[in-house]
Amino acid sequence: MASTATNLSLTPLLPRLSSPRHHQRRHLATHSRPGPALRIRAMTSDFANKFLGDFGARDPFPAEVESNFGEKVLGDFGTEHKILIPKASAFSLAQQDCSPVSPSQPPMSLEDAKALLMKVVGWRLLDEEGGLKLQCLWKLRDFKCGVELINRIYNVVEATGHFPSLHLEEPNQVRAELWTASIGGLSMNDFIVAAKIDEIKTSDLAPRKRVWA
């Protein structure tokens, strides 16, 4: 079978100003078929869903899931809907206050700790014989900057009443560990304090980048 060659001609994007008939045909064409702007609007939704996902979506906080907030909606379609305010624990960790922990309270499970670990930056879990701990390391410019970071951490956590174990290690490293000793593991207080520490400015204490000529 003989192959058939197809020739494609590309119409210039800009009309010639010296051709009034071309302007007339172009004017009629815009009323007879959807223009590029209409086609772009039509594909925006599909494009966003395929490549960008849902705008403004986020995973619910553990406290929101536990409170069954989805079942606490009053009203029917077409009426005013009232959603009950979620528990305080559903808000940002850094905005929460530490609460007293009873020695009889069981420590946080590894599964729950891994879920909350996604909400703090730079921290990792340590599974030691004494129980789970949170640990964070900072590499700083020098020993003096390490002392400054420890002072900043203390100023932030002093009001919480829940203090991390801080270690200034030569030559320029600070190590912080968090756990609730009274229950032998992690509690919500540890993640609240970790989130507050995350908000401390450290860019001015970081090692200077070497610039090569």
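Couple of notes before you dig in:
- When the pairs Lys144/Lys201; Lys119/Lys201; Lys119/Lys144; Lys114/Lys144 are compared against a 27 Å limit on Cα-Cα distance, Lys119/Lys144; Lys114/Lys144 fall above it.
- Electrostatic dipole magnitude of region 145-213 [Cβ: Lys, Arg +1; Asp, Glu -1; Cα centre; debye, to 20]: 320
- Largest to smallest accessible area among Lys209, Lys119, Lys133, Lys201 [probe 1.4 Å]: Lys209, Lys201, Lys119, Lys133
- P(r) histogram, all alpha-carbon pairs of region 113-199 included - 10 Å bins from 0, percent: 17, 51, 28, 3
- Solvent exposure, largest accessible area first (probe 1.4 Å, DNA, RNA and ligands not counted), of Lys196, Lys114: Lys114, Lys196
- Solvent-accessible surface ranking, highest first, for His162, His167 at 1.4 angstrom: His167, His162
- A simple spin-label model places pseudo-atoms 7 Å from Cα toward Cβ; at Asn68 and Ser109 they are separated by 1.8 nm.
- In this label model, Asp204 and Leu137 are separated by 2.7 nm, measuring between points 7 Å along each Cα→Cβ vector.
The values are calculated or read from the model by the stated rules, or taken from the named source; none is laboratory data. Model, not experiment: these values are computed from the prediction. We place every Cβ from the backbone using ideal geometry, glycine too, and count neighbours over all the protein chains shown. All accessible areas refer to the heavy atoms of the entire protein, side chains included, with ligands and DNA or RNA removed. Shrake-Rupley method; radii C 1.70, N 1.55, O 1.52, S 1.80 Å.
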